[in-house]
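A short write-up of the structure that comes next.
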Amino acid sequence: MLNKNLVMVPGPTPVVESIKREMGRDTVAHGDAGFVKEFKEAIEGAKELLGTDGEVFIIAGSGSLAMEMSIANNLKAGDNLLVISHGAFGDRFPDIAGRKGVNVDVLKAPWGEIVPLEEFEKKLAEKHYDALTVSHVDTSTAVLAPIAEIGELIAEKSPETVYIVDGVAATAGARAYVDEMKIDVLFTASQKAFGVAPGLAILWAGKKSLARRAALGTIPEYYCDYEKWIPIMHDPSKYFATPPVNMIWAFREAVRLIKEEGIENRYVRHEKQGAAFRAALRELGFALTASKGHEAPTLTNCLYMEGVNDAEFRKLMYEEGVTVAGALGEYAGKAFRIGHMGNADDYDMVTALTAIERVLAKLGVSVECGRAAGVYMKRMTD
Ligand SMILES: *Cc1c(COP(=O)(O)O)cnc(C)c1O
């Protein structure tokens, strides 16, 4: 009998009660005065959270739309883009930008590792790049990129390059401040570390990116054009396309919860939970995909030990009440991915760990039940 299921994939993440209540409210017209005010609060809240004096765009869509939006508004055909790829999500940018006729160069790290900063520096010295993209956390490898250092490097060596950060599996869970870290574009989706259901693309654009957009004139894209949305983000009583009313309420509540927790406290909590979770998983005998020192605080990818079958493991996990995700690319079939971001708390983490223990025991792997949960809790209470 399955009557509970904890979703621990790297998005969607657990949705807490107060956010669910916002999604369940009676929908009002998007011109409703109360909604207009609440939309405004969501926009202001998101801007303030990550610190930019540019713009924030909150629109219906998923993270992939935000990826496209970042390219659409900052590059035109013939421009040069440098893609730093730490896995499958980094690898999407050449496709997105290639379709526009942008020239793309890719610096790729071996899976599980990061591209060293010296390589960025060399590349930026060789050629003028109009933009650079990097995933803050690439969900396929669970690798964290040093986004602040990259921002410094670009500001120093190639200040005209627009710095685009894919924060989809990181933002609101891994430390990011837009203007302070010299990021020009940062984006995410509602279902990751904000802990809302899927449905929103959220993009922060700093002054440099806004100037770049203005210089491009008319762009081929319509729905994700900054210029269509800027009037709405300044005054949500205006109309361009119908906003997803209930999702915006839910996002506003997510922002409120983050402010209540404190964004810096939230980053520290993610680091602490992530480290404790990794220690517990190693205790169970898993090897992790991310190389040492580059582990994401928001998700972990575990390589199976000898004799464990991916499909069987994940099916049993589901039956034990916890959904985990399969791995991508080079790790497909060899690892599973487990999210621990957003509003996932000790309750969820311990539940996931004990389910993993039960499943491993069923699969004949020698485990001492309660051990991983013990390691986790000990680290969290130390
Ligand atoms: C999930 C994810 C995306 C894609 O987001 P969708 O909401 O699934 O479209 C992009 N980049 C990264 C790093 C992600 O984790």
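How large, in Å, is the chain by the Kirkwood hydrodynamic radius built from its alpha-carbon pairs? Don't jump to the answer; show the numbers that get you there.
Values: mean 1/r = 0.0469 Å⁻¹.
Computed over Cα pairs of the chain, the Kirkwood hydrodynamic radius comes out at 21.3 Å.
Just need log10 I(q)/I(0) for region 72-170 at q = 0.13, 0.15 Å⁻¹, Debye formula, equal scatterers on the alpha-carbon atoms, no solvent, rounded to two decimals.
Treating every Cα as an identical point scatterer, log10 I(q)/I(0) equals -0.39, -0.52.
Distance cut-off 18 Å, Cα to Cα: go down the list Lys37/Lys208; Lys334/Lys378; Lys122/Lys157; Lys4/Lys259; Lys20/Lys40 and report the pairs above it. All intermediate terms of the calculation are to be shown ahead of the outcome.
Details: Lys37/Lys208 28 Å; Lys334/Lys378 29 Å; Lys122/Lys157 10 Å; Lys4/Lys259 29 Å; Lys20/Lys40 20 Å.
In this structure, Lys37/Lys208; Lys334/Lys378; Lys4/Lys259; Lys20/Lys40 exceed 18 Å between Cα atoms.
Based on the alpha carbons, how large is the Rg to Rh ratio for region 203-283 when Rh follows Kirkwood? Spell out each step's value before the answer.
On the way: Rg = 18.9 Å, Rh = 16.4 Å.
So for region 203-283, dividing Rg by the Kirkwood Rh gives 1.16.
Could you rank Asp79, Asp32 by how accessible they are, 1.4 Å probe, largest area first? Can you show the working numbers first?
Numbers: Asp79 15, Asp32 60 Å².
Sorted by accessible area, descending: Asp32, Asp79.
Where both residues lie in the chain, what percent of DSSP beta bridges are antiparallel, nearest 5?
Values: 23 of 44 bridges.
About 50 percent, rounded to the nearest 5.
Return the Rg/Rh ratio of region 293-382 with Cα-based radii and a Kirkwood Rh. Could you put the intermediate results ahead of the total?
On the way: Rg = 13.1 Å, Rh = 13.8 Å.
Rg/Rh for region 293-382 comes to 0.95.
Given Cβ point charges of +1 (Lys, Arg) and -1 (Asp, Glu) and nothing else, what value in debye, to the nearest 20, does the dipole of the chain about its Cα centre take? Numbers along the way, then the final one.
Numbers: 43 positive and 53 negative charges, 98 e Å.
Rounded to the nearest 20 debye, it is 480 debye.
Output the Cα-based Rg and Dmax of region 166-302 in Å, rounding Rg to one decimal and Dmax to a whole number.
Rg then Dmax for region 166-302, in Å: 18.0, 56.
Taking amide H positions as placed in the peptide plane 1.01 Å from N, state which residues far from Ala335 in sequence (5 or more) or on other chains have amide H under 5 Å from it.
Tyr304, Ala327
Taking only DSSP H segments of four or more residues, each worth -39500 (n - 2.57), what value at 222 nm results for the chain once the sum is divided by all its residues, to the nearest 500 deg cm²/dmol?
Numbers: 13 runs with 157 residues, N = 382.
So the helix-based figure for the chain works out to -13000 deg cm²/dmol.
Assuming R0 = 51 Å, what is the FRET efficiency of Glu312 and Asp235, from their Cβ-Cβ distance, to the nearest 0.05?
Details: r = 54 Å, r/R0 = 1.06.
The computed FRET efficiency comes out at 0.40.
Relative to the compact globular guide of 2.2 N^0.38 Å, what is the alpha carbon radius of gyration of region 227-345, as a ratio? Kindly include the intermediate steps, with their values, before the conclusion.
Values: Rg = 19.3 Å, N = 119, 2.2 N^0.38 = 13.5 Å.
Its radius of gyration relative to the 2.2 N^0.38 Å reference: 1.43.
So, R0 is 35 Å and r is the distance between the beta-carbons of Lys292 and Cys369; what FRET efficiency does that work out to, to 0.05? Display every interim value, and only then the final one.
Values: r = 28 Å, r/R0 = 0.81.
Given R0 = 35 Å and the Cβ-Cβ separation, E is 0.80.
Translational diffusion coefficient, Stokes-Einstein: compute it for region 251-294 using the Kirkwood radius over C-alpha pairs as Rh, at 4 °C and 1.567 mPa s, and state it as an integer in µm² s⁻¹. Before the final figure, lay out each step's value.
Values: Rh = 12.3 Å.
It comes out at roughly 106 µm²/s.
Amide H of Ser85: which non-local residues (sequence gap of 5 or more, or other chain) have their own amide H closer than 5 Å, using H built in the peptide plane?
Residues meeting the amide H criterion: Leu107, Lys108, Ala109.
What's the long-distance tail for region 117-246, i.e. % of Cα pairs beyond 27 Å?
Details: 2124 of 8385 pairs.
Counting pairs separated by more than 27 Å, the tail of P(r) holds 25 percent.
In debye, nearest 20: dipole of region 197-316 around its Cα centre with unit charges on the Cβ of K, R (+) and D, E (-)?
360 debye
The values are calculated or read from the model by the stated rules, or taken from the named source; none is laboratory data. Remember, it's a predicted structure, so these values are computed and weren't measured experimentally. FYI the Cβ positions are ideal-geometry reconstructions off the backbone, even for glycines, and counts take in every protein chain you see. Remember, those area values only see protein heavy atoms, side chains included, never the ligands or the DNA or RNA. Shrake-Rupley method; radii C 1.70, N 1.55, O 1.52, S 1.80 Å.
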